[in-house]
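What follows is a short report on a single structure.
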Amino acid sequence: MHHIFLMQNKTPLTSSEKLAWLRLIRSENVGPITFFQLLKRFGSATEALSAIPDLARKGGRKKPIRVHARGAAEREMEELHDYGGQMIAAADPFYPSALRHIPDPPPLISVKGHLSLLEKEMLGIVGSRNASAVAMNLTGNFARNLGQAGLVIASGLARGIDKAAHDAALPTGTVAVVGGGLDIRYPKENAELQDQIGEQGCIVAEQPLGTQPQARHFPRRNRIISGMSLGILVMEATPKSGSLITARMASEQGREVFAIPGSPMDPRAKGTNNLIRNGACLVESAEEILRELSSFRQQPLKEPDQPLLPFGGLQSPEDKILDDARPELLSLLSPTPINIDELIRISTLPPNVVLTILLELELAGRIERHFGNRVSFAG
């Protein structure tokens with residue numbers, strides 16, 4: 001898997017480059033992986049913004065790609081500042097260091113509250129929205145005990161388990177990652193809790209202010225919860241729940257997955273019991289989690305020796321090589337997702353040629369990326 005390693009910059013991004021980062025990530029067909037590949041290739045977001053129209057054209061796009069306007073980016077920054085929030089880039093101090101190590105870290109996050117919480121060790125707690133009273137009580141106990149032991153509790157501000165975790169961890173430190181904009185109170189019954197977390201804890205959003213949460217935002221939100229955390233605790237989960245997506249992401253990100261066993265008579269325990277069957281760590285107390293995490297906490301995720309920021313421009317493959325390789329690569333792609341490493345192996349093309357063509361195709365809107373470093377033709 002091609003992880004994107006970033007190191008905290010000793011000097012934060014200049015305001016003009018941060019604005020260029022915002023314009024780039026908000027431009028059409030630019031997701032986090034493409035964003036960092038562009039940054040690596042061109043050395044800065046400012047340079048990448050100039051290059052994407054040509055790359056999209058080479059990828060087969062007929063009409064010009066929509067590059068996010070400077071004025072719109074400036075307005076977003078101003079509105080966020082007026083709201084009492086701020087924008088943190090993956091190269092800035094306070095960006096959660098564990099999050100830098102996932103395959104697709106958000107280049108920018110909007111935050112409100114106590115930024116110092118983002119620098120601490122976190123544990124994610126997720127579970128059913130229509131949780132049982134027993135599970136809610138248990139969640140509160142776990143969150144309180146883990147918080148008192150020095151862990152910040154991260155969750156997604158949903159009803160049920162998320163709410164119980166945030167409520168119990170407010171005095172010791174909690175971070176809520178929301179699916180929409182920082183200012184959108186969702187769900188409505190957690191509006192007061194959201195305000196409390198904004199005052200006493202920290203709220204994190206990847207989407208711009210004013211964005212109503214949609215179904216497609218939640219898996220992206222979940223990868224941030226697991227990405228910021230040393231591990232994820234799943235309290236209750238039906239077999240098709242979003243909590244299981246979070247657990248799968250945590251596992252693929254190399255995080256510990258903990259699960260509370262439940263009665264086979266309760267459908268809300270089926271997901272957690274399945275996780276345990278498939279290798280998640282069965283836990284019945286906060287102490288067991290702390291014991292399991294002790295080795296992680298002694299050896300935090302190592303930062304690479306050489307910082308990749310500021311990025312240096314990479315040599316792009318020659319046009320003729322790319323022109324010759326495109327038909328072969330296009331013939332290997334299909335609507336079924338394939339792992340990029342597998343694509344490189346089957347094609348026998350140099351990795352930088354494959355990655356460049358995929359970059360062009362994505363900017364042209366012809367392919368989409370899937371979790372687990374996979375790509376397919378866009379549906």
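Every read-out reported here was derived from the displayed coordinates using simple, explicitly stated rules and does not represent laboratory data. Note that the structure is a prediction, hence the values are computed from the model and not measured. Positions of Cβ are backbone-derived with ideal geometry, glycine not excepted, and every protein chain shown enters the neighbour counts.
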Please state the charge dipole magnitude for the chain, taken about the Cα centre, from unit charges on C-beta atoms (+1 on K and R, -1 on D and E), reported in debye and rounded to the nearest 20.
-> 760 debye
Can you work out ³J(HN,Hα) from phi for every residue in the range 124-133, in order, using Karplus 6.51 cos²θ - 1.76 cosθ + 1.60 and θ = phi - 60°, giving whole Hz and x for Gly and Pro?
-> x, 10, 9, x, 5, 6, 9, 6, 6, 4
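I'd like the FRET efficiency for Asn278 and Ile321, computed as 1/(1 + (r/R0)^6) with the beta carbon distance as r and R0 of 35 Å, rounded to 0.05.
On the way: r = 43 Å, r/R0 = 1.23.
The calculated FRET efficiency here is 0.20.
Please count, across the chain, the pairs of lysine residues with Cα atoms under 17 Å apart that sit 8 or more places apart or on different chains. If you can, show how the numbers build up before the last one.
On the way: Lys10/Lys18; Lys10/Lys302; Lys18/Lys40; Lys58/Lys320; Lys112/Lys120; Lys120/Lys302; Lys163/Lys188; Lys240/Lys270.
For the chain, qualifying lysine pairs total 8.
If you take every DSSP beta bridge fully contained in the chain, what fraction is antiparallel? Give it as a percent rounded to 5.
40 percent
Taking neighbour Cβ counts within 10 Å as the exposure measure, how do Thr46, Thr272, Thr336 sort from fewest upward? Can you show the working numbers first?
Working: Thr46 16, Thr272 30, Thr336 8.
Result, fewest neighbours first: Thr336, Thr46, Thr272.
Among rounded, prolate and oblate, which fits the range 18-111 when a ≥ b ≥ c are the square roots of the eigenvalues of its C-alpha gyration tensor, a/c under 1.5 means rounded, and a/b larger than b/c means prolate? Please list the in-between numbers first.
Working: a/c = 2.42, a/b = 1.38, b/c = 1.75.
Verdict is oblate for the range 18-111.
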Could you go through the range 270-286 in sequence order and give the Karplus-derived ³J(HN,Hα) for each residue, using 6.51 cos²θ - 1.76 cosθ + 1.60 with θ = phi - 60°, rounded to whole Hz, and x for Gly and Pro?
-> 4, x, 5, 4, 5, 4, 5, 4, 9, x, 5, 7, 6, 10, 10, 8, 4
Using θ = phi - 60° and the Karplus form 6.51 cos²θ - 1.76 cosθ + 1.60, what ³J(HN,Hα) does each residue of the range 147-161 get, whole Hz, x for Gly and Pro?
-> x, 5, 8, x, 8, 7, 9, 9, 7, x, 6, 7, 6, x, 4
Of [x] 36, 24, 19; [y] 51, 25, 17; [z] 47, 24, 18, the label for semi-axes √(5λ) of the Cα gyration tensor in Å derived from the coordinates = [x]
Could you list which residues have their amide H under 5 Å from that of Ile367, counting only those 5 or more apart in sequence or on another chain, with H placed in the peptide plane?
-> Glu362, Ala378
Given backbone amide H placed at 1.01 Å from N, residues whose amide H is under 5 Å from that of Leu209, ignoring those fewer than 5 places away on the same chain, are Leu182
Hey, for a label at Ala149 modelled as a point 7 Å past Cα toward Cβ, could you say which residues of the range 253-285 have their backbone N under 15 Å away?
-> 256-260, 281-285
Among Ala269, Ala72, Ala176, the residue with the largest mean-square fluctuation in a Gaussian network model of the chain built from Cα contacts under 10 Å is Ala72
Which residues qualify? For Val152, with a placed amide H closer than 5 Å and at least 5 residues away or on another chain, they are Glu121, Met122, Leu123
How do 328-334, 198-204 rank on mean C-beta neighbours within 10 Å, highest first?
-> 198-204, 328-334
Relative contact order (%) - the range 111-298, alpha-carbon pairs under 8 angstrom, separation at least six = 22 percent
